[in-house]
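Enquirer: This structure is in structure tokens; I'll ask about it shortly.
The values are calculated or read from the model by the stated rules, or taken from the named source; none is laboratory data. None of these values were measured; they are calculated from a predicted model. Here the Cβ is made from the backbone with ideal geometry for all residues, glycine too, and neighbour counts use every protein chain on show. Ligands, DNA and RNA are excluded from the accessible area calculation, which covers all protein heavy atoms including side chains. Shrake-Rupley method; radii C 1.70, N 1.55, O 1.52, S 1.80 Å.
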Amino acid sequence: MLPMSPTRLAIALLVPLLLAGCASEPTTIAVNDTFYANIAKGGALDPQAAASLLSDYRQARGLPAVTIDPTLMAVAERQAKTMAAADQLSHDIGGRSLIVRLKAAGFSGLKAAENVGAGYHTLAEAFSGWRDSPSHNKNMLMPGVTRLGIAAVRAPRSKYSVYWAMVLGVPDPKVEAAQQAATAPAAQPPTAPASGTTQLQFGGAPMPQ
């Protein structure tokens, strides 16, 4: 893995759960200040802003939008923290590949892809770098992706300052349908009509039956 100043790249291999990743030199894009929070200086990443940015990018190309997935968020955050602690950019740091990490986290989707990077100080820079890298861009434009996890972890003692991880997922519709059925409230049986006689009244007085 060769360093590229100020950013390092990493690419995951394609496996049955479809994994991949890499990065390129930071550039900027025309977005609002939310996307320019400087993580290296203590700023915070806004995952919803990242989801919005990626969704707009995908929808402009006829692809579905993405939403934040708690499981993928946890996977991305753990990976970014692990890379920052080791000061090493890798999909397989600690001998745990993405597919191993996804299975351990309980992700049951059909496909997943991972982009990792280091040296980007803002979401705008990270997005631009991944967009300008063919392999990363391919991940962000993967058909069927609707789930996103993303994390940026500050590493003050590293020359890269910030480590990034983005995990994209294609959910399994059968699994999602089963989960929705399991969490849906049980249907209440219809109330049976009470047995008894019907009393007719006319002018307030019961009528003979």
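Enquirer: What's the extension gain from residue 179 to residue 48 if we count 0.36 nm per residue and subtract their Cα-Cα distance?
Expert: Separation in residues times 0.36 nm, less the Cα-Cα distance, equals 44.8 nm.
Enquirer: Let me check against my output: what whole-number percent is the relative contact order of segment 34-181, with C-alpha pairs under 8 Å and at least 6 apart?
Expert: 35
Enquirer: How large a share of the accessible area of segment 34-181, in percent, is made up of carbon and sulfur atoms when the probe is 1.4 Å and the other protein chains stay in place?
Expert: The C+S portion of the solvent-accessible surface of segment 34-181 is 52 percent.
Enquirer: With +1 assigned to the C-beta of every Lys and Arg and -1 to the C-beta of every Asp and Glu, and no other charges, what is the dipole magnitude of segment 34-181 about the Cα centre in debye, to the nearest 20?
Expert: Charge dipole of segment 34-181: 220 debye, to the nearest 20.
Enquirer: Below 15 angstrom from the Cβ of residue 33, what's the summed charge of the other residues (Lys, Arg +1; Asp, Glu -1)?
Expert: -1
Enquirer: Related question: When you have a sec, figure out the Kirkwood radius of segment 34-181 from all distinct Cα pair distances and drop it here in Å to one decimal?
Expert: One decimal place: 15.4 Å for the Kirkwood radius.
Enquirer: What are the ³J(HN,Hα) couplings of segment 64-71, residue after residue, when phi is run through the Karplus curve with 6.51, -1.76, 1.60 and θ = phi - 60°? Round to Hz, x for glycine and proline.
Expert: For segment 64-71, the Karplus curve yields x, 6, 10, 10, 5, 10, x, 5 Hz.
Enquirer: Heavy-atom accessible area of residue 160 with all protein chains present, probe 1.4 Å, nearest 10 Å²?
Expert: Approximately 20 Å² of residue 160 is accessible to the 1.4 Å probe.
Enquirer: Local charge sum around residue 82 (other residues, Cβ-Cβ under 12 Å, Lys/Arg +1, Asp/Glu -1)?
Expert: Neighbourhood net charge equals +1.
Enquirer: Run the simple label-point estimate for residue 93 and residue 65 please: 7 Å along Cα→C-beta, distance reported in nm.
Expert: About 3.2 nm, to one decimal.
Enquirer: Where a Cα-Cα gap under 12 Å defines reach, which aspartates and glutamates qualify for residue 111, not counting those fewer than 8 residues away within the same chain?
Expert: Cross-link targets: 172.
Enquirer: Moving on. Which order do 154, 147, 58 take when ranked by solvent-accessible area (1.4 Å probe, heavy atoms of all protein chains), largest first?
Expert: 154, 147, 58
Enquirer: Let me ask something else about it. Using a 1.4 angstrom probe with every protein chain in place, what is the largest-first accessible-area order of 77, 114, 125?
Expert: Heavy-atom accessible area, descending, gives 77, 125, 114.
Enquirer: Return the equivalent ellipsoid semi-axes of segment 77-119 as a descending list in whole Å, where each equals the square root of 5 times an eigenvalue of the C-alpha gyration tensor.
Expert: Three semi-axes, in Å: 20, 11, 8.
Enquirer: Under 22 Å between alpha carbons, and skipping anything fewer than 8 positions from residue 41 in its own chain: which lysines qualify?
Expert: Within the straight-line cut-off, residue 41 pairs with 81, 159.
Enquirer: If we count every other residue with Cβ under 14 angstrom of residue 147's Cβ, Lys/Arg +1 and Asp/Glu -1, where does the sum land?
Expert: -2
Enquirer: Measuring with a 1.4 Å probe in the full set of protein chains, what accessible area per residue, in whole Å², belongs to segment 34-181?
Expert: 43
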